[in-house]
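No lab work stands behind these numbers, since they all come straight from the coordinates. For clarity, every value in this text was computed on a predicted model and none was experimentally measured. Note: ideal-geometry Cβ built from the backbone for every residue, glycine included; neighbour counts use all protein chains shown.
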Amino acid sequence: KDEKRLNEKLSVLSPAGSRRVGNSKEDIKASFLENLFFGIGRIPVLTTPHDLYTALAMTVRDRIFQKFVLTTETISRQDARGVAYLSAEYLPGPHLANNLLNLGITPQTREAMEELDIDLDELFDIEEEPGLGNGGLGRLASCYLDSLATLGIPAIAYGIRYEFGIFDQMIKDGWQVELTDKWLHYGNPWEVVRPETAYEVKFGGRTEYSKGPDGKLSVTWIPGSEVKGTAYDTPILGYQGNGAVLRLWRAEAIESFDFAAFNLGDYYRAVEAKMISENITKVLYPNDQALGGKELRLKQQYFFVTCSLQDIMHLHLTQGRRIEQLHEKFAIQLNDTHPAIAVAELMRLLVDVHQVEWEKAWHVTQNCFAYTNHTLLPEALEKWPVQLFEKVLPRHLEIIYEINHRFLEELRTRYACDDAQIARMSIIEESGGRYIRMAHLATIGSHKVNGVSAMHSELLKKEVLHDFAVLSPEKFCNITNGITPRRFLCICNPLLAALIDKHVGIDWPTNLERLKKLEDFADDTSFQKEWMDIKYKNKQNLSSQILRQTGIELDPAMLFDIQAKRIHEYKRQHLKVLHIISLYLRLKKGELANFSPCTFIFAGKAAPGYVMAKLIIKLINCVAELINRDAEVQDQMKVIFLPDFNVKKAQSLYPAADLSEQISLAGMEASGTGNMKFALNGALTIGTLDGANVEIRQEVGEENFFVFGHSVEQAQAAKSSGYHPFDIYQQNQLLKEVLDFLISGALAPEDTQLFKPLYENLLYQDPYMLLADFQDYVDCQERVYKLWLDPGEWTRKSILNVARMGKFSSDRSIKDYSDMIWNVKPINLM
Ligand code: H53
């Protein structure tokens, strides 16, 4: 009955009528041919595969829009409170398969295409994904958007429409080579440009103070330059229903700005202004966790923040509300400190533009914002030189000083803090150059601050934001990250999804706790057999992709041991390499007793300027080269570096993994989300007690998780009592052999010094304590190999892992945010 009412409503709201957006095979076929002809002017015999892809994307888009009208209408009718998610990065992954799944029309679309002699999978392959992020942070934002839409929570996600996203990675002679991303090369059928939704953005210049007739002081910002931000909307459909919007801003020249030059005949100067304006959203900075201090990056941050806030205010005011009520209608989430300038910008818009009194404006600001911290790494905590700020955002610097002044005053008077504590808590860092600490600005300007795993949130309160947590403990909370089971199980692992459907029912994708029911089948040998068959097929599928891409043949019967994530020293890909070398050396000497044939797969990009990370990639490839060519170990081990890790590739890696490597030094990985994706697809985890590993282990059971390594407390104790990696090297014969092998010339005969920097770093500094964890890691791996010899037991544990991953659905995370931070509720589509 509900379905019928919804459909009636839809047909009233969408003028196009039902056939154009019908969901039968015939409707889809007709509408596809119509889009091919009227949408892009092609007939079936004269098309390229890309034309076919575009026509199908348009066909799907029609159906998404139809649903969208309903969501939008409902939100405005119910005057619902909503979420604005501010993130400098998004990694949505390919849209086509996801939208088909969410519309529930994958089978009939496949049939419709088949009748036209088109292979749907080939169309999936053609899609270029939007690489508008570096890694975990951007992918998390996209998982959250999927859950917001699925749960029916009114939401707009704001970000930057980078013309060039994260670079494509190629491997040449073992080294990473970066190629420019061209995701917009063939157009983007999923977005709609909204030229009327555009805002002006100022930079530089100076401020002027004047007294109005009422005697009040007012400030005018006279900018040095101006650009315009135009909205590009991508509808994000939730599973079986609602929608949310991804609104990305693109920088453009303000026409009137270059007109003067143009009319004076200075055509080139006019064009130059246009080019400079457009530079702002030209390219994503490819550093995952390091600070650049680059002017253009600050401009990017401010650019998307002001466009988003102006848009939020515009939406608010056009609904006939007062600006002082902004916080009653909008919860604004800051995804890391990248959008933290929003605190100063909202104050500016309220005080300077809307003439709201400071105290009132501050109340609105603090109640709008909440801040998610994603890292404790000191080098990743954003700080901007005051000088740079003054040049790019002079008015904001004044506002930040005022915020800081009032805050420090309160510390002094209300909390009687001493000078040392005040210096620690100030927004301005004064030791060795003056910097603006963005995490402090975000914390002071927000009513809630959260970490992204239980452990990380505790460390945040204990370390990085300790003083703040002591003064305002109620401000701090934890919301453990999650992943969307739609993309990371339904789409990427259709065989497993179908098996689960059969045994637990079909509503698990939106109620992931239902997977618990799988526990009933963990000991059932025929179920285990089906489970193993699926894993085997997924490994075959990955193997054929790898064969195509690297020319290396794999045996799906081997244990697939995978580490896929950004390359970073703290993530310790090189620890895995040391382990592989140790196995190789022992195998060659015939000393390896407990071993199971293993394929080691690495994937991940390194920041282009991160020399050590790039050397680690080279190391992996040198080790791969040596081992894969050694006939003696052929049926025992293989090493693969799969180039160009992205969302699409990730989707074939997770389902094919037997073992998931989550081996960062404890205390370094805020949460991790790859760990969740592997486990949800039935991999067992070998991991440290870091980030969300701790909670995954708690959920799946200690006996179903391979844990090793120093805990945070142990690592900190070892460091403070003087950590001497060289001693460990001297005392551990195997470790010594492995490390010496790095510089023996066996890996890089043409340049024996190649890995010396890595070798010396480990021997004399070892900031991420690989040496301290090496032996424990090797021993733990032996337990892995032993279990592998018992396929029934391994499979039982694999089933239990999947059964107990319910907590890690991003739907749970979003419900937590909704209850603990945003105070928002789903809309009711009826
Ligand atoms: O954010 C993920 C975490 C992960 C953390 C990552 C991250 C970035 O990708 C970039 C910047 C940053 O500060 C943190 O490293 O542990 O899972 C999502 O929370």
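For K329, the lysines whose Cα comes closer than 27 Å to its Cα, not counting residues fewer than 8 places off in the same chain, are K9, K67, K202, K228, K360, K448, K475, K815, K825. For the chain, a Kirkwood hydrodynamic radius built from all Cα pairs, placed in the Stokes-Einstein relation at 20 °C and 1.002 mPa s, yields a translational diffusion coefficient of 75 µm²/s.
Remark: the Cα gyration tensor places the range 483-556 in the oblate category, a/c being 1.5 or greater and a/b not exceeding b/c. The shape of the range 494-808 comes out prolate: with a ≥ b ≥ c from the C-alpha gyration tensor, a/c is at least 1.5 and a/b beats b/c. Restricting the range 536-591 to GluC sites (Glu not before Pro) that sit in a DSSP loop and have at most 12 other Cβ atoms within 10 Å of their own Cβ leaves E553, E591.
By other beta-carbon atoms within 10 Å, ranking S526, S308 with the fewest at the front produces S526, S308. Here is the list for the range 528-609: trypsin sites (Lys or Arg not before Pro) lying in DSSP coil, each with at most 14 other C-beta atoms within 10 angstrom of its C-beta, are K589. Rounded to the nearest 5, the antiparallel percentage of DSSP beta bridges internal to the chain is 45%. The loop-placed GluC sites (Glu not before Pro) in the range 326-365, going by DSSP, that have at most 15 neighbouring Cβ atoms within 10 Å of their Cβ come out as E357. The charge dipole of the range 494-808, taken about the Cα centre with unit charges on the Cβ atoms of Lys, Arg (+1) and Asp, Glu (-1), comes to about 820 debye, rounded to the nearest 20. The residue list L665, F560, I534 was ranked by how far each Cα lies along the charge dipole of the range 494-808 toward its positive end, using unit charges on Cβ atoms, and I534 comes out on top. Pairs exceeding 24 Å between alpha-carbon atoms, taken from K588/K638; K516/K605; K638/K786; K461/K719: K516/K605.
Taking the average, over residues, of other Cβ atoms within 10 Å as the packing measure, peptides 688-694, 809-815, 391-397 rank 688-694, 809-815, 391-397 from highest down.
Under the classification rounded if a/c is under 1.5, otherwise prolate if a/b is larger than b/c and oblate if not, where does the range 116-238 fall, given a ≥ b ≥ c as square roots of the Cα gyration tensor eigenvalues? Cα axes put the range 116-238 in the prolate bin.
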